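Nothing in this text is a laboratory measurement; each read-out follows from the coordinates by a stated rule. What you are looking at is a predicted structure, and each value in this text was computed from that prediction instead of being measured. Note that each Cβ is placed from the backbone with ideal geometry, even for glycine, and that neighbours are counted across all protein chains shown.
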Amino acid sequence: MKIHEYQAKDIFRKYQIAVPNGKPAFTVDEAVTVAKSISTHGPWVVKAQIHAGGRGKGGGVKLAKSLDEVRTHSEAILGMTLITHQTGPEGKLVKRLLIEEGCNIASEFYLAVTLDRVSSQLVIMASPAGGMDIEHVAANTPEKIFKEWINPMVGLRDFQCRRLASKMGFTGTTAKGFTDILKKLIRLFIDTDCGLAEINPLVVTKEGGVLAVDAKVDFEENSLYRHPSLLELRDHNEEDPSETAAKRFDLSYISLDGNIGCMVNGAGLAMATMDILKYEGGNAANFLDVGGGATEEKVKEAFKIILSDKKVKAVLVNIFGGIMKCDVIALGIIAAVKDLKLAIPLVVRLEGTNVDLGKKLLNDSGLKLETATGMKEAAQKAVVAAGGGNK
């Protein structure tokens, strides 16, 4: 789960990580009021709040030297469709701002903590080349990104902090400030079950302070049940409505770029289905896993979600019934097709528990659909139905 920068900074403050003074604003007038409450003379920074990086390059971050400029920039940014390298060409609508006090930046750095799934350890990533182009740094000069792995049995060691600080070029009080923020960031990461905690840029001010000018915190979805207060930070406007609807029914859904809607049970089968569709010349419009204990209601909701994507030209249901029974899936398909008045081609492949009963229910339903006896045949029929194919 992603959250906005101002929300991440509120969490930083709880862990005593130094951040600029700032508050969110949802209207232009509120932005000016917030700016007045922060400082009487400025400068201020007006920042678009969306769940994507690269906002500065897209025109979503502006420096204001007067309250009139705060108003002008707020009017320009609020309501704009901000396009960055992370939003895709469709961009994201800006509905909220962060108004912050400016600071005297002497130099910019990068600092992040994430999980290295290969080593099953946390990894710290730090670079003296912080700022907007960290992706460019990673791609072209990876030697400028320094890493330290944290053994979960012993935690972060002081010598690792000293080694990172030295590589970053920090000395004296600056090294001490960097180490302090690093330790607090790791504690935050572990306490809240983060997937990523990132500061870009981490700055050293001309006064010698170390400050988190930006903040990005993502949380592991599967751990959110332990943190009900974090769920309140979710902004559904920033998420795919179909993915949000899927969560309500415990469905795993991810929107993709193809035109064949897929309903499967099990992540492995979902990936295999997408692969074989690609092999046969088609592309999946989604990853939708109804799980091992789907009910008729779940199947019906899964169809609704798939059909909400206007790109979908055909639907492929590929179910292997182990715990799940094929007759239950068949009844769900029949109910969904009748209720939703399905007007696009449907291909169904069932295998496993009660498969004969499931096929009989489909054949006796009188519905216009195609059945298949294997994945290859199912994929070929779905691809042809969607208007494509290699054959």
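Extension gain for His136 to Leu224 (0.36 nm times residue separation, less C-alpha to C-alpha distance): 28.5 nm.
Once the Cα atoms are used to define both axes, helix 326-340 deviates from the longest principal axis of the chain by about 80 degrees. What is the Cα centroid distance between region 152-193 and region 309-384, reported in whole angstrom? Each part's Cα centre sits 54 Å from the other's. Model label points for Ala335 and Tyr279, set 7 angstrom from Cα along the Cα-to-Cβ axis, are 3.4 nm apart. Note on region 96-234: Rg/Rh from Cα positions, Kirkwood definition for Rh, rounded to two decimals, is 0.97.
For the chain, the residue among His227, Gly195, Thr114 whose Cα projects farthest onto the positive side of the dipole built from Cβ charges is Thr114. The gain in end-to-end length when the Arg13 to Asp158 segment is fully stretched comes to 49.9 nm, 0.36 nm per residue minus the alpha carbon separation. Taking Cα centre as origin and charging only the Cβ of basic (Lys, Arg, +1) and acidic (Asp, Glu, -1) residues, the dipole magnitude of the chain rounds to 240 debye.
The label point for Lys206 and the one for Thr114, both projected 7 Å from the Cα toward the Cβ, are 3.5 nm apart. On the basis of the beta-carbon distance and an R0 of 30 Å, Leu196 and Ile344 show a calculated FRET efficiency of 0.20. The helix-only estimate of mean residue ellipticity at 222 nm for the chain, built from DSSP H runs of length n ≥ 4 each weighted as -39500 (n - 2.57), is -11000 deg cm²/dmol after division by the residue total. Amide H contacts for Gln121 (H built 1.01 Å from N in the peptide plane; partners 5 or more residues away or on another chain; cut-off under 5 Å): Asp116.
Were the residues from Leu93 through Glu297 laid out at 0.36 nm apart, the gain over their Cα-Cα distance would be 70.1 nm.
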